[in-house]
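Visitor: One structure coming up, written as structure tokens, with questions to follow.
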């Protein structure tokens, strides 16, 4: 029986965000992440089929005859870079548990791929370098979110990297299963050659969903290619643009039984990307125009029209508290609308003190982004919640959430879901817990980029991406990069980046 050390350290870092990343977010439950799990507590993640990779890896362990040696696993919602001291502390826990284990045959790590700490240092590189220093040349298999910005050094430090293939991410468990299969392949001593490629352009987030073009057929090509003789594993990373690092952007990993096959697969996948480059561009409307269009569409539909507040997505490091779209809804006297999630712990606390049915004056949201102001008005407190609840949609079914004090506030005929913990609107349960039924709305404003699609797209008759300012800039050609590598096109067929002199 092979002894495999299993751990994880997950953060998607937005280097342009001013939302802090305190270490407590990793130590305690926050957003979609449980508390830090250490040692035998990690087996909680093997108790069900959870949409996280470590769950899938541990579920497959028995099939491959692995003995799991649990290390530490933690994660936090996207935000600004970790402080070096916090990164070092969390790494020390992982390193300590690794050193306690003798006779390890392999290491499996669940990472994100876009972690940054300190003075813009690559988190994954440092994690892998420190783990290599402890365990030596044994196999290290890594699973990644498909938004990883992977450096050549990270690729070399890992024995094999396996990425998600869906966005919205609904294949976390399956990615863990594929990682276990990869570990078994390596431990069997079979031939393994690798190839790494970086794409010469960036992909705006709204073009990345694998449920629609251009990414849908790109990943279909990957699936088909992976079935060819001699192919061990293939991955496409779409990249996370809100990171000012040299290796930001899409990349490709190819593993095969010969170097020739690995190189050929990597080159073919890169060409598949280039063939679709023109489609990786930006299509958004400013708030007032977006609301006008939504009203026109809603008048002809019996299903909700979704306005996507793409750039205020907590899942990309934004605060999820801007009020541009709320103001547009009020100004245009929109009826039967809902907006969420608005991150405002103070507003939630005021609502809980006032109680359900109360009318209370609140300066809502607008506390974080320069140029934003709260939307001050008299709101009705419709429904309150404080405590655990269960996710229900494809990404989070069976997962327990707790966003602290939550409230449904009503202004005119607009319902706002307010939370004390920052989280993107990726599941209908986040609305239902305070009495809002998303499918009954005419217009839904969702602070998300694409994860909402898993649970909300099936109930919608139209989707409009909105250009409202926040800590994410959807059009990469407008991002103030300074460290990105020279020569990268800043979207499909976009301008070429050149580092400032």
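The values are calculated or read from the model by the stated rules, or taken from the named source; none is laboratory data. The structure presented is a predicted model; accordingly, all values stated were derived computationally and were not measured. We place every Cβ from the backbone using ideal geometry, glycine too, and count neighbours over all the protein chains shown.
Visitor: Considering (1) over 20 Å from residue 316 (Cβ atoms); (2) assigned to a loop (DSSP other than H, G, I, E, B); (3) touching a strand residue (DSSP E or B) at 6+ places or on another chain (Cβ under 8 Å), say which one residue 189 fails and leave the rest.
Guide: (3)
Visitor: Tell me, please, whether a residue that is within 24 Å of the chain's Cα centre (by Cα), modelled with pLDDT of 95 or more and in a loop (DSSP other than H, G, I, E, B) can be found in segment 285-306.
Guide: no
Visitor: Which is in contact (Cβ under 8 Å) with a residue 12 or more places away in the chain and more than 26 Å from residue 474 (Cβ to Cβ), of 203, 225, 273, 237?
Guide: One residue alone meets the criteria, 225.
Visitor: So which residues in segment 75-125 are over 19 Å from residue 164 (Cβ atoms), free of Cβ contacts under 8 Å to residues at least 40 places away in the same chain and crowded, with 24+ Cβ neighbours inside 10 Å?
Guide: Correct list: 87 only.
Visitor: All but one of (1) in contact (Cβ under 8 Å) with a residue 40 or more places away in the chain; (2) in contact with a helix residue (DSSP H, G or I) (Cβ under 9 Å, 6 or more places away or on another chain); (3) under 29 Å from residue 105 (Cβ atoms) hold for residue 231; state the number of the condition that does not hold.
Guide: (1)
Visitor: Next question, about the same structure. If you go through segment 207-239 one residue at a time, how many are buried (at least 20 other Cβ atoms within 10 Å of the Cβ) and either closer than 26 Å to residue 495 by Cβ or in the same structural domain as residue 142 (by TED's automatic domain parsing) (or both)?
Guide: Adding up the residues that qualify gives 10.
Visitor: If I filter segment 404-426 for residues that are without any contact (Cβ under 8 Å) to a residue 40 or more places away in the chain and under 19 Å from residue 361 (Cβ atoms), do I get at least one hit?
Guide: Yes - at least one qualifying residue is present in segment 404-426.
Visitor: Select from segment 476-501 the residues that are more than 16 Å from residue 242 (Cα to Cα) and without any contact (Cβ under 8 Å) to a residue 40 or more places away in the chain and list them in ascending order.
Guide: 486, 495, 496, 498, 499, 500, 501, listed by residue number.
Visitor: Tally time: how many residues in segment 361-381 are outside any loop (DSSP other than H, G, I, E, B) and surrounded by fewer than 18 Cβ atoms within 10 Å (Cβ to Cβ)?
Guide: Residues in segment 361-381 being outside any loop (DSSP other than H, G, I, E, B) and surrounded by fewer than 18 Cβ atoms within 10 Å (Cβ to Cβ): 6 in total.
Visitor: Return yes when residue 290 is out of contact with any helix residue (DSSP H, G or I) (no Cβ under 7 Å at 6 or more places or on another chain), in contact (Cβ under 8 Å) with a residue 40 or more places away in the chain, over 21 Å from residue 78 (Cβ atoms) and buried (at least 22 other Cβ atoms within 10 Å of the Cβ) and no when it is not.
Guide: Here the answer is yes, as residue 290 does meet what is asked.
Visitor: Scan segment 383-396 for residues that are in contact with a strand residue (DSSP E or B) (Cβ under 7 Å, 6 or more places away or on another chain) and either over 19 Å from residue 347 (Cβ atoms) or buried (at least 18 other Cβ atoms within 10 Å of the Cβ) (or both) and report the count.
Guide: Matching residues across segment 383-396 total 7.
Visitor: Within segment 35-56, which residues are over 17 Å from residue 170 (Cβ atoms) and touching a residue at least 40 places away in the same chain (Cβ under 8 Å)?
Guide: Of everything in segment 35-56, those that are over 17 Å from residue 170 (Cβ atoms) and touching a residue at least 40 places away in the same chain (Cβ under 8 Å) turn out to be 36, 38, 39.
Visitor: Here is a further query. Please indicate, with yes or no, whether at least one residue in segment 139-154 is surrounded by fewer than 18 Cβ atoms within 10 Å (Cβ to Cβ) and modelled with pLDDT of 95 or more.
Guide: yes
Visitor: Next question, about the same structure. If you go through segment 152-186 one residue at a time, how many are part of a loop (DSSP other than H, G, I, E, B), closer than 19 Å to residue 140 by Cβ and within 19 Å of the chain's Cα centre (by Cα)?
Guide: The number of residues fulfilling the criteria is 1.
Visitor: Something else: Report yes if some residue within segment 338-356 is in contact with a strand residue (DSSP E or B) (Cβ under 7 Å, 6 or more places away or on another chain), assigned to a loop (DSSP other than H, G, I, E, B) and more than 16 Å from residue 418 (Cα to Cα); otherwise report no.
Guide: No; the residues of segment 338-356 include none that is in contact with a strand residue (DSSP E or B) (Cβ under 7 Å, 6 or more places away or on another chain), assigned to a loop (DSSP other than H, G, I, E, B) and more than 16 Å from residue 418 (Cα to Cα).
Visitor: If the requirement is being in the same structural domain as residue 6 (by TED's automatic domain parsing) and farther than 29 Å from residue 252 by Cα, which of these qualifies: 26, 50?
Guide: Residue meeting the stated conditions: 26.
Visitor: Something else about it: Which one is farthest from the chain's Cα centre (by Cα), of the residues in segment 42-58 that are closer than 17 Å to residue 5 by Cβ and modelled with pLDDT under 95?
Guide: 46
Visitor: Quick test for you: out of 21, 72, pick the one residue that is crowded, with 22+ Cβ neighbours inside 10 Å and in a loop (DSSP other than H, G, I, E, B).
Guide: Among 21, 72, only 21 is crowded, with 22+ Cβ neighbours inside 10 Å and in a loop (DSSP other than H, G, I, E, B).
Visitor: May I pose another question? Please state which one of 66, 87 is at pLDDT 95 or above, in contact with a strand residue (DSSP E or B) (Cβ under 6 Å, 6 or more places away or on another chain) and over 20 Å from residue 148 (Cβ atoms).
Guide: On inspection, the qualifying residue turns out to be 66.
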